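Let me begin by presenting the structure, written as structure tokens, before commenting on it.
The values are calculated or read from the model by the stated rules, or taken from the named source; none is laboratory data. A quick note: this is a predicted structure, and the numbers were derived from the prediction, not measured. Ideal geometry is used to build each Cβ from the backbone, glycine not excepted, and the neighbour counts take in all protein chains shown.
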């Protein structure tokens, strides 16, 4: 695809994805996932009924308060990810995990699509043993059904710290629908996910 480049080189209002607060509210649960470019991840999770917001950021690394430029070197150990704020009475953690695996290729190591490097790796960050078991159960289910010919390489790792990304990354697709990467990768992949994923309700 000419002119697409990658997430590093670069919300469509029609998709009606809301801009929300990054502060958890009463009764809200939090989950953290990495699946390549965080612009894509925001769009996926914010589309689901029961999710109030998905905030782009960095997790899984060594350095404190990393910048986008730091993370892009691949030397900090962080992955681009989203912190998902959701109502567990409306959507379960299990459903979020299923959406996570359904919205990317978990057999790609250190990258997704045109985005390559350890900062674009696939990772599910669990906060307790129950979440870890749910993630591993979904990996086993996908493996047993032979959905993929290659081995699933998604990292299943304990959550430690989340650092919100710079303001210009938040709701990037909403504010930059004209970006070629957004048009030809982010929105295309999201619409494919929305058409194929039957495990949750989508916002109007």
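Which of the numbered conditions does residue 139 fail, given that it passes all the others? Conditions: (1) farther than 30 Å from residue 65 by Cβ; (2) touching a helix residue (DSSP H, G or I) at 6+ places or on another chain (Cβ under 7 Å).
(2)
Can you tell me which residues in the stretch 67-85 are crowded, with 22+ Cβ neighbours inside 10 Å, out of contact with any helix residue (DSSP H, G or I) (no Cβ under 7 Å at 6 or more places or on another chain) and farther than 14 Å from residue 37 by Cα?
Once the filter is applied, which keeps residues that are crowded, with 22+ Cβ neighbours inside 10 Å, out of contact with any helix residue (DSSP H, G or I) (no Cβ under 7 Å at 6 or more places or on another chain) and farther than 14 Å from residue 37 by Cα, the stretch 67-85 yields only 85.
Could you list, in sequence order, the residues of the stretch 165-204 that are surrounded by 14 or more Cβ atoms within 10 Å (Cβ to Cβ) and touching a strand residue (DSSP E or B) at 6+ places or on another chain (Cβ under 8 Å)?
165, 169, 170, 172, 194, 200
Step by step: first the residues of the stretch 124-146, then only those that are farther than 20 Å from residue 110 by Cα and either at pLDDT below 95 or outside any helix (DSSP H, G or I) (or both), then the one that is nearest to the chain's Cα centre (by Cα). Which residue is that?
Going through the qualifying residues, I end up with 127.
Which count do you get for residues in the stretch 25-65 that are surrounded by fewer than 22 Cβ atoms within 10 Å (Cβ to Cβ) and part of a loop (DSSP other than H, G, I, E, B)?
The qualifying residues number 11.
Could you list, in sequence order, all residues of the stretch 92-123 that are under 19 Å from residue 60 (Cβ atoms) and part of a helix (DSSP H, G or I)?
Hits for the stretch 92-123 are 93, 96, 97, 100, 101, 118, 119, 120.
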